[in-house]
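I have placed the structure first, in the form of structure tokens, so that the comments after it can refer back to it.
The values are calculated or read from the model by the stated rules, or taken from the named source; none is laboratory data. Remember, it's a predicted structure, so these values are computed and weren't measured experimentally. Please note: Cβ atoms are built from the backbone with ideal geometry, for glycine as well, and neighbour counts cover all protein chains shown. To get the accessible areas, we keep the full protein, side chains included, count just its heavy atoms, and leave off ligands, DNA and RNA. Shrake-Rupley method; radii C 1.70, N 1.55, O 1.52, S 1.80 Å.
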Amino acid sequence: MSSIAEKLYTIRYKVDENSHLVIKDQEVCLHCVTKECQDFCPADVYHWVEKEQMTSVAFENCIECGTCRIGCPTYNIQWVYPKGGHGITYKFG
Amino acid sequence: MATEHFDAIVVGAGPAGSAAAYTMAKAGLSVVLIERGEFPGAKNIFGGVIYRKQLEDIIPEFWKEAPLEREVVEQRLWLLGDQSVVTLGHRNEAFKDPNNCWTGLRVKFDQWFASKAEQAGALNIYETVVTELIREGNKVVGVRTDREEGDLYANVVVVADGVNSLLGKSLGVHREWQPDEVSLAVKEVIAMPKEKIMDRFNLEGNEGVTIEFVGNTLGMAGLGFLYTNQDTLSFGVGVMVSDLKKKRVKPYELLESVKQHPMLRRLLQGGETKEYAGHLIPEGGYHSIPPLSGDGWVICGDAAQLVNFVHREGTNLAMTSGRFAAEAIIQAHTKGDFSRVGLSLYDRLVRESFVHKDLKKYKGLHNFLRDSDPTLMFDKLPRALNDAAYQMLLVDGVPKAEKQRMAMRGITDAAGGLMNLVKLGAQGWRAMNG
Ligand SMILES: Cc1cc2nc3c(=O)[nH]c(=O)nc-3n(C[C@H](O)[C@H](O)[C@H](O)COP(=O)(O)OP(=O)(O)OC[C@H]3O[C@@H](n4cnc5c(N)ncnc54)[C@H](O)[C@@H]3O)c2cc1C
Ligand code: SF4
Ligand code: SF4
């Protein structure tokens, strides 16, 4: 059984210095009951960091599926594509 | 990039965009095809099955040169119980010569298809994101890209930017998709020696098989797939995003749990995962199709929700819609009218074709799935069928008539009564065998 880290390791990434995913308002996350972005994202990009009371965004793991764009109940994620040529590059597809 | 004017700009080098660009370039129009990936296919996955008919309509005898994996001669449908399966399937030599469909991988296929457009005369530009459509009043006149001085102008823009279609959204042709209008699929490409694949799946030469499976998706509306490639397997599972949200399951954990099913484990074991991937599938169906054209623009493929998910047909609808869009633009070019009226041939061609007719045939399905309890269709019923099959085949001294009664009761109970079962049965049959 392979972990998500091992799975993501199979994908080639060219990471941009800027995140293409931005939490619009951390205050909204604070009051979000489900914090479900932590579950439905297939690349474990989002984590609620208790200590800092904020959603952290590991955008460098993103596989650009768009689920969080549609799935966040308050549309609190500003979602664009990574800069041209950046982000994932599949080798099989 | 200098500011230039083209006959047409195509956004997205997937099957829809490449079909449109190829068709227009071949007719002598000046076309630019823009793709955000490092190369076409870099961002794309599918199951995937590529169908002959619709691509043949664009490039005759494409199979002689296109990078395809295996010729699909058998399609299986598996209804999974916890540790059991009820199988349906069809294998036929008649699917060969000419082939009905092939398995494929997008990185190779999309690059080939986009290169055909380029050979036909299109200008292909990669590693470039179209960030917005440039408008004059209501009319789309070009695109803004993330390149420096990256504005490009054209008489018409073909929006073929896939399921997330940020451009379609910016046009206001569709509101944001709802979580029940898309499924998230996660997939792995698993390497396995050719001989092993051929033995395990009962194949000769270049033959291939597809398996779709229902059940074991933790009660979520969804479907799994296992397809044979040359020396890899494509394995994945897709579930409706609304169900995924409700269940709070991690998609990759679902994938791993399905892998453990005894039927699938046997076929996959010994393989090595070469790639993990994820992508949305438009599953809104007929009622989610937006207006297809307007002043200076047309929208094709996944961006317009043109997917027949019952038959896992998407690439062919994308290609056909791309070709139709191109034909309409070629006509508009002759007339010099790129307004909504000038481009209306596109809407008409789509409406008169299998694309529209097939989606219309299943138009009730989306609401049916949305409104029905997914645990029924995707868990309880497959389970009940497996129990019934088990009981009927188990020789334990219980008289057959009684077994039959028990089996029927198990199934009707799962469906919540006989009437419900009849209704479900009719829809379910259509859903899978339409
Ligand atoms: C898991 C899975 C299994 C599937 N199985 C099958 C199958 O077996 N058979 C089948 O026929 N169909 C299948 N489909 C559906 C099929 O893949 C799609 O319907 C088809 O790819 C749609 O083609 P398209 O050209 O409209 O969109 P896409 O293939 O998504 O192409 C869109 C392209 O546009 C690019 N792009 C997007 N936005 C921009 C922008 N702003 N600027 C520049 N470029 C941009 C993207 O990078 C992409 O290359 C499956 C889909 C999935 C996810
Ligand atoms: S689901 Fe949306 S609102 Fe809730 S924690 Fe995640 S990003 Fe914030
Ligand atoms: S686009 Fe997909 S992979 Fe990327 S953060 Fe959103 S859900 Fe996760």
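Brief remarks on what is shown
- Two numbers describe the Cα atoms of region B:253-312: Rg and Dmax, which are 18.1, 55 Å.
- Gaussian network model of chain B, Cα within-10 Å springs - most flexible of B:Gly37, B:Gly294, B:Gly417: B:Gly417
- Compactness relative to 2.2 N^0.38 Å, alpha carbon Rg of region B:365-432: 1.22
- Stretchable slack from B:His287 to B:Gln331, in nm (0.36 nm times residue separation minus alpha-carbon distance): 13.0 nm
- Charge dipole (Cα centre; +1 on Lys/Arg Cβ, -1 on Asp/Glu Cβ; no other charges) of the protein assembly as shown amounts to roughly 1380 debye.
- Each other residue within a Cβ distance under 10 Å of B:Thr217 adds +1 if Lys or Arg and -1 if Asp or Glu, for a net charge of -1.
- For the residues B:Gly81, B:Gly47, B:Gly224, a GNM of chain B with alpha-carbon springs under 10 Å puts the largest fluctuation on B:Gly81.
- Positive dipole terminus of region A:4-89, leading residue within A:Thr74, A:Cys29, A:Gly85 (C-beta point charges): A:Gly85
- Sorting B:Glu127, B:Glu256 on solvent-accessible area from highest to lowest, probe radius 1.4 Å, gives B:Glu127, B:Glu256.
- In order along region B:270-282, phi translates into HN-Hα couplings of x, x, 10, 5, 9, 7, 10, 7, x, 7, 8, 10, x Hz, rounded to whole numbers, per the Karplus curve 6.51 cos²θ - 1.76 cosθ + 1.60 with θ = phi - 60° and x for Gly and Pro.
- Those residues of region A:25-69 for which accessible area with every protein chain present is at least 20 Å² below the isolated value (1.4 Å probe): A:Thr34, A:Glu36, A:Asp39, A:Phe40, A:Pro42, A:Asp44, A:Ile63, A:Glu64, A:Cys65, A:Thr67, A:Arg69
- Contact order, relative form, for region B:281-434: 21 percent (alpha carbon pairs under 8 Å, 6 or more residues apart, mean separation divided by residue count).
- Rounded accessible area per residue of region B:182-282, 1.4 Å, Å²: 31 Å²
- Its residue count N fixes a reference of 2.2 N^0.38 Å for region B:182-282, and the Cα radius of gyration divided by that reference is 1.08.
- Assigned charges on the beta-carbon of Lys, Arg, Asp, Glu; chain B dipole about Cα centre (debye): 1380 debye
- Dimensions in Å of region B:24-146 - Rg and Dmax from alpha carbons: 19.5, 61
- Relative contact order [Cα under 8 Å, 6+ residues apart], chain B, whole percent: 20 percent
- Of all accessible heavy-atom area on the protein assembly as shown, the percent that carbon and sulfur account for (1.4 Å): 52 percent
- Placing unit charges on the Cβ atoms of the charged side chains and taking the dipole of region B:295-421 about its Cα centre, the candidate lying farthest along the positive direction among B:Thr334, B:Thr375, B:Gly416 is B:Gly416.
- Too-long pairs where the Cα-Cα distance tops 31 Å, listed order kept, from B:Lys245/B:Lys274; B:Lys26/B:Lys139; A:Lys83/B:Lys363: A:Lys83/B:Lys363
- Straight-distance candidates among the lysines for linking to B:Lys357, with alpha-carbon spacing under 17 Å and chain neighbours fewer than 8 residues away dropped: B:Lys53.
- Values of log10 I(q)/I(0) for the protein assembly as shown across q = 0.07, 0.10 Å⁻¹ run -0.39, -0.80, by the Debye formula with one identical scatterer at each alpha carbon and no solvent.
- Other-chain or far-sequence residues with amide H under 5 Å of B:Thr145's (modelled H): B:Thr131, B:Gly150, B:Asp151, B:Leu152
- Cα centroids of region B:8-87 and region A:12-91: 29 Å apart.
- Within the listed set B:Leu394, B:Leu226, B:Leu80, the residue fluctuating most in the Gaussian network model of chain B (springs between alpha-carbon atoms under 10 angstrom) is B:Leu394.
- Extended-chain gain in nm, criterion 0.36 nm per residue less alpha-carbon gap, B:Ala94 and B:Phe354: 91.4 nm
- Longest to shortest principal axis, alpha-carbon extents of region A:4-89, angstrom: 35, 26, 23
- Percent RCO, i.e. relative contact order, over chain A, from Cα pairs under 8 Å lying at least 6 residues apart: 41 percent
- Long-range Cα-Cα pairs in chain B (distance over 28 Å), rounded percent: 51 percent
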